[in-house]
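All remarks here apply to the structure that follows.
The values are calculated or read from the model by the stated rules, or taken from the named source; none is laboratory data. It should be emphasised that the depicted structure is a prediction, and the values quoted were computed from it without experimental measurement. Counting neighbours? That spans all protein chains shown, and the Cβs are built from the backbone with ideal geometry, glycine included. Areas reflect the complete protein model, heavy atoms only, side chains present, ligands, DNA and RNA absent. Shrake-Rupley method; radii C 1.70, N 1.55, O 1.52, S 1.80 Å.
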Amino acid sequence: MIAPTWQQLTACNTAATDLNLSGSLHVVGATDTGFVDDHFEFRYGRGDRWRVERNGEVVYASSSSTDIVPVARIDGQMVHQRTTSLIRLGALFTPRDLFGPRSLLTRRTPAQYVTQAPTALDHDGRPAWSTDLTSPTGLTTTIVIDDETGVIAHLSSRDHSQSLHPENLTAHTGIPDDRFVWDGRIVESKELKSLRLSW
């Protein structure tokens, strides 16, 4: 197997938006407000359709049964997201960080450079590629990219206690539109007393 370049892996990660995917994501790490241990379940359909659950509770859906506007959980309520700003669904990482134009590979801050060329490995029974990225301050992050889908399959660092690990990653030929719909009560953001996210 010929190893891809880092640029090719990044391109595959962006192109994963053309797939239909489902899986789970485990995120752990320390933040300014405490230790995070998040478990997400997600479905993604091409066309930026999402349904994301966090610790068993729906926190994002790409549409409601009465409106194509996305809804996200804020202050314990599902709220229409009528602005273009990206809603944070977790304190560290979320499924939306795993691939596409908003993925961790696309918006690496600060800029990081490759210190280990991609090497092949078996990751959870799936072919994958592992590489190390180092920041200008010397912090090194190991990233594993799933060979079939281009999705980030693992991220960890020896320099801090944050990591993410998808599980049960599955590519589908298609996912029905109704699997991305929230059918419960929805409010408008102007009805909230605050805009504090529920995480």
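Here the chain is assigned +1 on the Cβ of each Lys and Arg and -1 on the Cβ of each Asp and Glu. Its dipole about the Cα centre then comes out at about 600 debye.
Just to verify a number: FRET efficiency for ALA111 and ARG158, C-beta to C-beta distance, R0 = 25 Å, to 0.05? Between ALA111 and ARG158 the formula returns 0.80. Evaluated over the Cα positions of region 57-151, the convex hull gives a direction-averaged projected area, one quarter of its surface, of 8.5 nm². Among the trypsin sites (Lys or Arg not before Pro) in region 15-86, those located in a DSSP loop and surrounded by at most 15 other Cβ atoms within 10 Å of their own Cβ are ARG46, ARG82. Using a probe radius of 1.4 angstrom, the carbon and sulfur fraction of the accessible surface of region 55-138 is 54%. Over region 1-133, accessible surface divided per residue gives 48 Å², non-protein components excluded, 1.4 Å probe. Seen from every direction in turn and averaged, the convex hull around the alpha carbons of the chain projects onto 11.8 nm².
Compared with the dominant Cα axis of the chain, that is its longest principal axis, helix 6-15 is turned about 20°.
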